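All remarks here apply to the structure that follows.
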Amino acid sequence: MKPNMTPTKTPMPEQDPIVRAGNFQEVALGYTPEMAALEATRCLNCKNAPCMQGCPVNVHIPDFIARIRENDLAGAYAVLKGTNALPAVCGRVCPQETQCESKCVRGVKGEPVAIGRLERFVADSCMDTAAPVSPAPENGKRVAVIGSGPSGLTCAGDLRKLGYSVTIFEALHTPGGVLVYGIPEFRLPKALVRREIATLEAMGVRIETNTVVGKTVTVEELMQEEGYDAIYIGSGAGLPRFQGIPGENLNGVYSANEFLTRVNLMKAYRFPETDTPVRVGKAAAVIGGGNVAMDAARCAKRLGAEKVYIVYRRGEAEMPARREEIHHAKEEGVEFLLLTNPTRVLGDENGRVTGMECVKMALGEPDASGRRRPVAQPGSEFTLPLDTVIVAIGNSPNPLVRSTTPGLETQKWGGIIADEETGATSLENVYAGGDAVTGAATVILAMGAGKKAAAAIHAKLSGH
Amino acid sequence: MYRILAKERLNETITRMRVEAPRVARKAGPGQFIILRIDEDGERIPLTIAAKDPVEGSVTIIFQKAGATTARLDTLEAGDSLQDFVGPLGKESEFGDIAGKRVAVIGGGLGIAIAYPQAMALSEHGAKVDMIVGFRNKSLEILTDELAGKCERVVVMTDDGSNGRKGFVTDGLKELLDSGAKYDRVIAIGPLPMMRAVAEMTRPIAIPTVVSMNSIMIDGTGMCGGCRLTVDGEVRFACVDGPEFDGHKVDFAEAMQRGRMYKDEEKTSMERHACRLTGGARA
C-alpha cells in the first residue's frame, strides 16, 4: 500500500475551549476508527524504527501501527501491552514531541506520525475487551513495590509477568500516584487510570493502599520480617517547594500539590457533594511555567475563577511545559504574565490573600541550566489583585523512605542514588527509580526506570 | 475497609472508637496520629492515636463532634467499617532522659484525649506526671478516672466551677507553680489559644514546653504542605516535622489564621450533615 504523504497529522477533535473551561470532562476526544486508519497510513514502517529509540519503554511502534492498518486492533493492543503497562495513560500524557515523535522520519518534512494519538486510540478501543495478559505462574519469589505511580505500576506489571509475586504499597487511599492526585480529570480521566490498574490486578499484582512505607512499615521490615526478596522504591517527588517570599502562609496560598490533590484526588470540584473543599475565588495566579502550573491554572479556570494568571519569571520559550498544554491553557482564557516574578503575597486583616506584588524581569546571561537568567527590573513593581495563589515551582523527593532506611545513599538534594541502567541502590536487592531518583520529571521516564529495574531485579533474583 | 470494634460516647460531644488496623497498631507510638476517611466521597481527617493494641491489631481514637466528618463518624457503630485508616503518621514524642523528671501535662477539651496517652507514656518512661485538665463544665469531663492512677496529681478545672476548680488550665498551672511545684517540662495539648496561653506562661520561667499542632492537612506525608506553620521563623510541616513543636517558638497567630481557612465551607458541610440526619432533601 502506498503511504499517505499528507504532511500534517490527522487532527484530533477537542471540546470547544469556551465549553470545556466550564467542565472537568476530557479536553481531547480521541480519534474515530476512520481517523486512526487514515493516520496509520502515514507511518512509513521504517526498518530501523528510529521512533522506538525515543521511547523509554520500547513500544514496538511501527508494529502496532501496522496492525491498525490491517484493522487488527486487538493485535495492536497486544503489541502495546507487550512493553507498556499503561498505554491509555501514555497515549494522553507522554510528551511525544520530545520522545518517539521527535525521531519520526516524517517529522523532517512536515509533522511526525501522531503516535500518541494512535496509542490512545488502540488502548481506548481494546482495554475493556482484551483478554487479560496471562502471567507466568508465581515462582515463589516476592517483590515489594513502594508507590503505585507510573514507575511502580510498570515495575510491578513486568515482574508479575515474569512470575514474581508482587505487592505494591501505596500511601494514599487510591492507587495511581501522580496519575490520580496530580494530573487533572480533563487531561487523564480517573476511570481510565482505574481500568489500567485493574488489568494489573487481574494479572495478580496485589495493592495495599493506606500503607506509608517509612511509617506504617519500613523497607528493612519488608525484607527481614515480611520476607520480600527485593524492593523497588518508586515513591515519587512529593514534597512541595515554596518561594520563601513574605505572605506565603496566608489563607489562599496553595502548593500546586495541595490544590491539585484537593481537586483531583479528593474531588473538591464537587463540594459540598464531596466533603473536601477548595477555594479559588474570582482571581487566581499560578506561579511557575511547567505542566503542573498549566494543570493548576486550567483547574482554577474550571472552578469558576474569572481571571487566571500564569506568573513566570522567564519567557514563554523557556517554559518547561509542553507546547500543547500552554496552547490549551491560552485557548481556555488563562493569561500569561511572562518575565514576571512574585516578591510578596498580600493579605487582609483576616489573613486572606488579596493580591501579589510582582516585579518585571529581563533575561540576562545563561545560568547553570543553560537558560538565560532572569534579572529584576528596578522600578517595574506592580500589584496583582488576587484571591488565590498557587505555587507550582517544583517538588523535592519525599524523605519518608530515605530517612527510615539506614544505608540507603542519597544525593544532597534528597534524590535516591540509583544506577541509571538497573536502578540498583547502595542496598542489596533494593532498587529505585522515577522522580524519587531524578527529581520531578515525566510519567514515561518514570515508567522507563520501572521497566529497567524490573529487568535487573529479575536478573538478580533468577541468577542470570 | 477498617472495622470499628467498639464505640463509646465519653460525653455528649466526645466519642472513643477502637478500630481494626493491625499494621498501624504494630507501629504506633506516643504523639503520632492517623488519617481516616469514612467513605468514598469523604474528606481525610487527622486524629491522634489514643491507644493501641498490637495483639488485637487495633487502634483507639478519641474525637469531638466539631465538623461534618466527625459528626458523621459519631453516627457509626461497632461493626461498621471505615473506608480508609492510615498511620502512624508524624514523629513520635521525644522523651529522652525523662525518667525521674517532673512533667506537667495540660489538656484542654478534646486535648485531654491526646494528653491522656502522653501521660500514660511519660509515666511508663519513669517521669513524675502532674495532670491539669480543663473542661467547660462537669458534663464535658472525660477520662479523669483513668488518669488518676498514672499521675501524681490530677487537677480538674472547669470554666464554670461545676467541678474541680473554677478557671482555665493556665490558672491551675499557675497555682501549682506558685505553690512551689518545679517542672522540667510542660506538655500542652488542646485548642490553639490554650496552648498559646500555656506557652506564654512558661516562657519567662524557661520551662521547656511542647505543644501538639493539629493543622488542616490532606495526605499526612509531606506532600501537600497544607499543614505548614512557622516555628522559630522557619516553615515546617505539622504532618512530618511534627505534630509536636517547641511551644515557645510556634507562631500561634498564624496557626490560628490558617485554622480558619475553611470556616465557611465547614458551615456548609455541617448544614448538609444536619440535613441528612433529619431526612431533609439532599442537595
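The values are calculated or read from the model by the stated rules, or taken from the named source; none is laboratory data. Here the structure is a predicted model, which is why all the values come from computation and not from measurement. Positions of Cβ are backbone-derived with ideal geometry, glycine not excepted, and every protein chain shown enters the neighbour counts.
Exactly one of (1) within 29 Å of B:PRO208 (Cβ to Cβ); (2) modelled with pLDDT of 90 or more is unmet by B:ALA99. Its number?
(2)
Quick one: count up the residues across the range B:210-264 that are over 19 Å from A:VAL389 (Cα atoms), at the interface with chain A (Cβ under 8 Å from one of its Cβ atoms) and more than 19 Å from the chain's Cα centre (by Cα).
Of the residues in that region, 1 qualify.
Which residue, of B:SER215, B:SER162, is assigned to a loop (DSSP other than H, G, I, E, B), among the hydroxyl-bearing types (Ser, Thr, Tyr) and within 17 Å of B:LYS249 (Cα to Cα)?
B:SER215
Among the residues in the range B:142-156, are any part of a helix (DSSP H, G or I), closer than 24 Å to B:SER93 by Cα and of a type in the set (S, T, N, Q)?
Yes, some residue in the range B:142-156 is part of a helix (DSSP H, G or I), closer than 24 Å to B:SER93 by Cα and of a type in the set (S, T, N, Q).
Working carefully through the options A:THR422, A:THR442, find the one that is modelled with pLDDT under 90 and away from chain B (no Cβ under 14 Å). Outline the logic, then answer.
Working: A:THR422 fails: modelled with pLDDT under 90.
Residue meeting the stated conditions: A:THR442.
Can you tell me which residues in the range A:177-215 are within 14 Å of chain B (Cβ to nearest Cβ) and either over 30 Å from A:ALA329 (Cα atoms) or in a loop (DSSP other than H, G, I, E, B) (or both)?
A:GLY177, A:GLY182, A:ILE207, A:GLU208, A:THR209, A:ASN210, A:THR211, A:VAL212, A:VAL213, A:GLY214, A:LYS215 - these are the residues of the range A:177-215 that are within 14 Å of chain B (Cβ to nearest Cβ) and either over 30 Å from A:ALA329 (Cα atoms) or in a loop (DSSP other than H, G, I, E, B) (or both).
Looking at B:CYS275 and the list (1) of a type outside the set (Phe, Trp, Tyr); (2) surrounded by fewer than 19 Cβ atoms within 10 Å (Cβ to Cβ); (3) within 12 Å of another protein chain (Cβ to nearest Cβ); (4) under 29 Å from A:GLU349 (Cβ atoms), which single condition is not satisfied?
(4)
If we scan the range B:178-195, do we find a residue that is touching a Leu at 6+ places or on another chain (Cβ under 8 Å) and within 14 Å of chain A (Cβ to nearest Cβ)?
No, the range B:178-195 contains no residue that is touching a Leu at 6+ places or on another chain (Cβ under 8 Å) and within 14 Å of chain A (Cβ to nearest Cβ).
Which of the residues belonging to the range A:270-281 are buried (at least 21 other Cβ atoms within 10 Å of the Cβ) and either under 11 Å from A:ILE390 (Cβ atoms) or in contact (Cβ under 8 Å) with a residue 60 or more places away in the chain (or both)? Explain how you work it out, then say what you get.
Applying the first criterion (buried (at least 21 other Cβ atoms within 10 Å of the Cβ)) to the range A:270-281 yields A:271, A:275-276, A:278-280.
Passing the criteria: A:VAL278, A:ARG279, A:VAL280.
Name the residues in the range B:73-113 that are in contact with a His (Cβ under 6 Å, 6 or more places away or on another chain) and within 14 Å of chain A (Cβ to nearest Cβ), would you?
B:ASP84
Within the range A:219-227, is there a residue that is in contact (Cβ under 8 Å) with a residue 40 or more places away in the chain, surrounded by fewer than 24 Cβ atoms within 10 Å (Cβ to Cβ), in contact with a strand residue (DSSP E or B) (Cβ under 6 Å, 6 or more places away or on another chain) and facing chain B (nearest Cβ under 9 Å)?
The answer is no; no qualifying residue exists.
Any chance you could count how many residues in the range A:115-167 are surrounded by fewer than 22 Cβ atoms within 10 Å (Cβ to Cβ), of a type in the set (Val, Ile, Thr) and in a strand (DSSP E or B)?
Result for the range A:115-167: 1.
Which of (1) assigned to a loop (DSSP other than H, G, I, E, B); (2) closer than 30 Å to B:ASP159 by Cα; (3) among the hydrophobic types (A, V, I, L, M, F, W, C) is the odd one out, the single condition B:PHE63 does not satisfy?
(1)
Considering the range B:38-62 alone, what residues qualify as being of a type outside the set (A, V, I, L, M), farther than 20 Å from B:HIS273 by Cβ and either within 14 Å of chain A (Cβ to nearest Cβ) or within 16 Å of the chain's Cα centre (by Cα) (or both)?
B:THR48, B:LYS52, B:PRO54, B:GLY57, B:THR60
State all residues of the range A:229-277 that are closer than 24 Å to A:THR209 by Cβ, more than 9 Å from every other protein chain (Cβ to nearest Cβ), aliphatic (A, V, I, L, M) and part of a loop (DSSP other than H, G, I, E, B); if no residue qualifies, say none.
Matches in the range A:229-277: A:ALA237 only.
Does B:ALA206 satisfy the criteria of being at the interface with chain A (Cβ under 9 Å from one of its Cβ atoms), more than 26 Å from B:PHE85 (Cα to Cα) and either in contact with a Pro (Cβ under 6 Å, 6 or more places away or on another chain) or small (Gly, Ala, Ser) (or both)? Reasoning before the result, please.
On the way: at the interface with chain A (Cβ under 9 Å from one of its Cβ atoms): no; more than 26 Å from B:PHE85 (Cα to Cα): yes; either in contact with a Pro (Cβ under 6 Å, 6 or more places away or on another chain) or small (Gly, Ala, Ser) (or both): yes.
No: the conditions fail for B:ALA206.
Got at least one residue in the range A:67-78 being within 24 Å of A:LEU159 (Cβ to Cβ), touching a helix residue (DSSP H, G or I) at 6+ places or on another chain (Cβ under 8 Å) and surrounded by 17 or more Cβ atoms within 10 Å (Cβ to Cβ)? Talk me through it step by step, then tell me what you get.
Initially, the range A:67-78 is screened for residues within 24 Å of A:LEU159 (Cβ to Cβ), giving A:77-78.
Checking the rest, the ones that are also touching a helix residue (DSSP H, G or I) at 6+ places or on another chain (Cβ under 8 Å) come to A:77.
Then keep just the ones that are surrounded by 17 or more Cβ atoms within 10 Å (Cβ to Cβ); that gives A:77.
Yes: the range A:67-78 contains one or more residues that are within 24 Å of A:LEU159 (Cβ to Cβ), touching a helix residue (DSSP H, G or I) at 6+ places or on another chain (Cβ under 8 Å) and surrounded by 17 or more Cβ atoms within 10 Å (Cβ to Cβ).
Checking the structure you have, find out if any residue of the range A:71-86 is outside any loop (DSSP other than H, G, I, E, B) and among the acidic types (Asp, Glu).
Within the range A:71-86, none of the residues are outside any loop (DSSP other than H, G, I, E, B) and among the acidic types (Asp, Glu).
Could you say which residue among A:ALA456, A:ALA436 is assigned to a helix (DSSP H, G or I) and more than 17 Å from A:GLY147 (Cα to Cα)?
A:ALA456
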